[in-house]
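Okay, so here's the structure we're looking at.
The values are calculated or read from the model by the stated rules, or taken from the named source; none is laboratory data. Since the structure is predicted, the reported quantities are computational estimates derived from the model, not experimental observations. In this analysis, Cβ positions are derived from the backbone assuming ideal geometry, glycine residues included, and neighbour counts consider all displayed protein chains. Note: accessible area is taken over every heavy atom of the protein model, side chains too, but ligands, DNA and RNA are not part of it. Shrake-Rupley method; radii C 1.70, N 1.55, O 1.52, S 1.80 Å.
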Amino acid sequence: MQRVVSSWGRLGQVPHDITRPAFLDEAQAAVRSPGPPQLCFGLGRSYGDVCLNANGRLIVTDSLDRIIGFDRERGILRAEAGLSLDRLLRMTVPAGWFAPVVPGTKFVTLGGALANDVHGKNHETVGTFGAHVTALGLARSTGELLTLSRTENSDLFAATVGGLGLTGMILWAELQLVPIRSAMIDGETLPLKDLADFFRVSEESGDWPYRVAWIDCLAKGSAVGRGFYIRGRHAGSGGFAVHGAPRIGAPFGAPGWLLNSRTIGLFNTAYLHRPFVLGAKRVHYEPFFFPLDAVANWNRMYGKRGFFQHQSAIPTAAAFDALRRLLELTAEFGEGSFLVVLKLFGDKPSPGILSFPLPGATLALDFPNKGESTHRLLDRMAEVVLAAGGRLYPAKDATMSGEAFRAGYPDWRKLEAARDPAIMSDFWRRVTTETA
Ligand SMILES: Cc1cc2nc3c(=O)[nH]c(=O)nc-3n(C[C@H](O)[C@H](O)[C@H](O)COP(=O)(O)OP(=O)(O)OC[C@H]3O[C@@H](n4cnc5c(N)ncnc54)[C@H](O)[C@@H]3O)c2cc1C
């Protein structure tokens, strides 16, 4: 079936030939079927083209969402790769288990979380999602069905975790969950007056597993880095109520001006001056981990032209200066960013060859697509990141050059060697073809 598909950034509406298998044997048959290159698509929460294969074939995995086994004593869950964290948490939280790593939205599949080896607010303490995957099943276009783990087919495991969906179709994954004593989080929100404050408070927050900062991207001069620092841990009591559905939805035809630099500025000012958000508070895991999920399809608020996200990882030694420069550039260009998230990454090694995190800091900013000027800003930011020895996150990217990709991921040829020749994405075409 031919269908127009876009990713979370809504930067293009691209026709694809869609297959939506309902069972694992149908999925295997789809992977084996001859024809032009194909790619798996989870819930399309990647911002750019890592989940797109323009005018080619997409295997949409969201119907493959069955639980294969759940050991409630040991917290080991095996499920089909199209299972979302949304559904996973609905089942595991009442049983006293939580996902070891969650990104900023629960509307991601296990396959998507593995293929981008996603990170959460606890990267410093537990590393990436893939570090908690004990085994996975992979279907290759040759018809092979393989079990991968750190000890079985370990090279292919390392290529598949963070492998951008290129090594085959992940059919199922087995995950070690973490025990919780309630669905609540004991959180604290502290004000940050500048970037130095961020590093100081991070240093003092070592015994909080979850840590993140929201930054005011329009602050200038000595106020650069002003914002909030949020830290939390699973609470010891409070019940096991699961999350509900999104409370509101963004209108489909939202005008592009809804999120412009003025409205974004107003949002940032209002957000930063909400005194009641400061201090200690016990909250449900939903607003703590997934505040944006409260508005279904909030990405539509950027209008028809869509939006970009810059997310970079910068090694510790260069982090302070590079972050300062990135925030200054954002303020200088005045493009405005609705969301600016700043976190530290720890030094737990990632299991994937191409996993994004590295010991240091990571900054994520959204920009409405204004065409040329937004591209210029993103290019300038990429230059700063590369000069600092850092890299950009493929899950969020739509503009990085092949040169920037290859400099950030010098091991990319190992993934190319492990790639299933029948699989291709727009992202991989874009960043590897210059030297192909
Ligand atoms: C609001 C928001 C907040 C976010 N916060 C974070 C964050 O904090 N940390 C973070 O790391 N990321 C974050 N992300 C990014 C998101 O976690 C990743 O892009 C994730 O991979 C999306 O999962 P998905 O199921 O939607 O996969 P898709 O976006 O559909 O696909 C992602 C990749 O996975 C591959 N893939 C999907 N299923 C399979 C399969 N079964 N077999 C093989 N390959 C497969 C695709 O080919 C593609 O390469 C955020 C995204 C949003 C929208």
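May I ask you to give the percent of accessible area on the chain that is carbon plus sulfur, with a probe radius of 1.4 Å?
Solvent-exposed carbon and sulfur of the chain make up 55 percent of the total.
Answer rounded, prolate or oblate for the stretch 184-399, using the Cα gyration tensor with square roots of eigenvalues a ≥ b ≥ c: rounded when a/c is under 1.5, else prolate when a/b is larger than b/c, else oblate.
Rounded, because the longest to shortest axis ratio a/c is under 1.5.
Kindly work out what percent of the DSSP beta bridges joining two residues of the chain are antiparallel, to the nearest 5.
Percentage antiparallel, nearest 5: 85.
Please give every one of the aspartates and glutamates within straight-line cross-link reach of K348, meaning a C-alpha to C-alpha distance under 18 Å, and leave out same-chain neighbours fewer than 8 residues apart.
K348 reaches D117, E124, E203, D207.
Could you tell me which helices of the chain pass both thresholds, a Cα extent of 15 Å or more along their own axis and a mean Kyte-Doolittle hydropathy of at least -1.0, with helices taken as whole DSSP H runs?
Qualifying helices, which must be both long enough and hydrophobic enough, are 261-272, 316-333, 372-387.
What whole-number volume per residue, in cubic angstrom, does the convex hull of the C-alpha atoms of the chain give? Don't skip to the answer; put the middle values down first.
Working: hull volume 57.7 nm³, N = 436.
That works out to 132 Å³ per residue.
If the cut-off is 24 Å between C-alpha atoms, which lysines fall inside it for K193, apart from same-chain ones fewer than 8 positions away?
Hits, sequence-local ones excluded: K121, K220, K281, K343.
Using the Kirkwood radius built from alpha carbon pairs, what does the Stokes-Einstein equation give as D for the stretch 328-436 at 37 °C and 0.692 mPa s, in µm² per second?
This corresponds to a translational diffusion coefficient of 214 µm²/s.
In Å², what does the accessible area per residue of the stretch 67-180 work out to with a 1.4 Å probe? Walk me through the intermediate numbers first.
Values: 3440 Å² over 114 residues.
With all protein chains present, the stretch 67-180 gives 30 Å² per residue.
Rounded to the nearest 20 Debye, what is the dipole magnitude of the chain about its Cα centre when Lys and Arg each give +1 and Asp and Glu each give -1 at the C-beta? Provide the component values of the computation, followed by the final result.
Values: 47 positive and 42 negative charges, 180 e Å.
Here the chain has a charge dipole of around 860 debye.
Could you give me the radius of gyration and the Dmax of the stretch 67-180, taking only the C-alpha atoms into account and expressing both in angstrom?
Cα-based Rg and Dmax for the stretch 67-180 come out at 13.2, 42 Å.
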